[in-house]
1. Only one of (1) out of contact with any helix residue (DSSP H, G or I) (no Cβ under 6 Å at 6 or more places or on another chain); (2) more than 12 Å from ligand 1 (Cβ to nearest atom); (3) among the charged types (D, E, K, R) fails for residue 250. Which number is that?
2. Which residues, taken from the range 41-57, are under 16 Å from residue 109 (Cβ atoms) and either of a type in the set (D, E, K, R) or open to solvent by 30 Å² or more (accessible area, probe 1.4 Å) (or both)?
3. Which pairs do you get when a residue that is within 7 Å of ligand 1 (Cβ to nearest atom), found in the range 227-243, comes within reach of a residue that is open to solvent by 30 Å² or more (accessible area, probe 1.4 Å) and of a type in the set (Gly, Ala, Ser), reach meaning Cβ atoms under 8 angstrom, with the pair 6+ apart or on two chains?
4. Given 221, 191, 201, which one is within 15 Å of ligand 1 (Cβ to nearest atom), open to solvent by 20 Å² or more (accessible area, probe 1.4 Å) and over 27 Å from the mean Cα position of the chain (by Cα)?
5. Kindly indicate whether any position in the range 307-325 is of a type in the set (Asp, Glu), open to solvent by 10 Å² or more (accessible area, probe 1.4 Å) and outside any helix (DSSP H, G or I).
6. Looking only at the range 9-21, which residues are surrounded by fewer than 16 Cβ atoms within 10 Å (Cβ to Cβ) and either in contact with a Phe, Trp or Tyr (Cβ under 8 Å, 6 or more places away or on another chain) or not in a loop (DSSP other than H, G, I, E, B) (or both)?
7. Which of (1) within 14 Å of ligand 2 (Cβ to nearest atom); (2) surrounded by 14 or more Cβ atoms within 10 Å (Cβ to Cβ); (3) under 21 Å from residue 78 (Cβ atoms) does residue 185 not meet, given it meets every other one?
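The values are calculated or read from the model by the stated rules, or taken from the named source; none is laboratory data. A quick note: this is a predicted structure, and the numbers were derived from the prediction, not measured. Don't worry about glycine lacking a Cβ; one is built from the backbone with ideal geometry, like all the others, and counts go over all protein chains shown. Heads up: the accessible areas ignore ligands, DNA and RNA and are worked out on the full protein's heavy atoms, side chains in. Shrake-Rupley method; radii C 1.70, N 1.55, O 1.52, S 1.80 Å.
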Amino acid sequence: MKDILYSPVDQSAADYVPALRSLLEKMTCPSSAGERVGIKVHWGERGNRSFLSPAYVREIVQWQLGRGAKPYVFDTTVLYSGGRRTAAESLRTARENGYDENYLGCEIIVADGSDGRSVTDITAHGNHFATVQVADVFKDTDAFIIFSHFKGHMAASFGGAIKNLSMGFASRAQKQRMHADVHPELIKKSCIKCGLCSEVCPTGATRQDPEEYPEFDLEMCIGCAQCIGLCPEVALRILWETDDLVFQEKLVETAAAVWKMIAGKTILINACIRITAECDCWPGHNPVIAPDYGFVGGYHPLSIDEASLERVGKEPFEKTHPGVNWDRQFTYARQIGM
Ligand code: SF4
Ligand code: SF4
């Protein structure tokens, strides 16, 4: 828990890659030669300008290749329409943002699959979820590197490693479950009557006659959000309203379930640079709220996020997101024994 490594940057330096390199040299490599290593990143929404430079990810890839491992870079699709709703769109956005396989030196994957259905349900322990649904990356990956941008977030105050393990691994349905308690609401003008919502509904709550709009029996609906997450036209309303404490607890429960699957074969790196008010999903104006600190490395998501917050300070987040309790991710992680 206490093994935290720091690599501060000189803010006048033109290039922070040497600072990351120096951190990597000090870290225990999670992989052995020949092993497949998944590097979890966020390559930024289309139009976002605060995402982490691919130069850092390239450095991590080269570090792994130099040790004979077989790295790949991955992210998952998102709920909302934009540049990452489907795997094809997300890979296009990745390329636009400089995340190119030739440049990085390894394969780039959208881990929940081309249709968002390459997912698995894993056991969770907490007050909100018995299971959580995440990208099915565990079977063929020997080790993980969780590379996270430490920055602000409107409902969690800040986002770092816990958020990357949670929202970053989650299926679209799980993303919806974390954001709000759900039931489907049809936007008829967007619906193409494709029938996918009936096909994926696990309870039979969605019914659709040929050539008709789907109908939803809310008595049978368990709020799993599969229909919302997988609708190809975003014709089922995405619900964002949430209590920030509940949101953070759901975030932590999902992260804890993922962590149980990968602890012991994973290292984490937080980049505390270009610390913006909102996350890298934000396509518009996203101001920087704190000076660059540098890179923080560690072996547990809770300790690395706490160490990062300590270095950056809580004040920028409190000022940017007044009333949002930044501490709940930490207290709840301890409460559920993460
Ligand atoms: S999946 Fe979406 S587009 Fe297809 S029938 Fe259902 S609501 Fe309509
Ligand atoms: S939320 Fe889940 S249970 Fe409810 S209608 Fe959609 S797929 Fe079916």
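1. In the conditions (1) out of contact with any helix residue (DSSP H, G or I) (no Cβ under 6 Å at 6 or more places or on another chain); (2) more than 12 Å from ligand 1 (Cβ to nearest atom); (3) among the charged types (D, E, K, R), residue 250 misses (1) alone.
2. Taking the range 41-57 and keeping what is under 16 Å from residue 109 (Cβ atoms), we get 41-43, 54, 57.
Matches in the range 41-57: 42 only.
3. That search, which allows pairs on different chains as well, returns 233/190; 235/190.
4. Working: 221 fails: over 27 Å from the mean Cα position of the chain (by Cα); 201 fails: over 27 Å from the mean Cα position of the chain (by Cα).
After applying the criteria, what remains is 191.
5. Looking only at the range 307-325, we keep the residues that are of a type in the set (Asp, Glu), and these are 310, 315, 318.
When the remaining residues are screened for being open to solvent by 10 Å² or more (accessible area, probe 1.4 Å), the result is 310, 315, 318.
Retained after the next criterion (residues that are outside any helix (DSSP H, G or I)): none.
No, the range 307-325 has no match at all.
6. Within the range 9-21, the first condition is being surrounded by fewer than 16 Cβ atoms within 10 Å (Cβ to Cβ), and the residues that meet it are 10-15, 17-18.
Hits for the range 9-21 are 17, 18.
7. All conditions pass for residue 185, except number (2).
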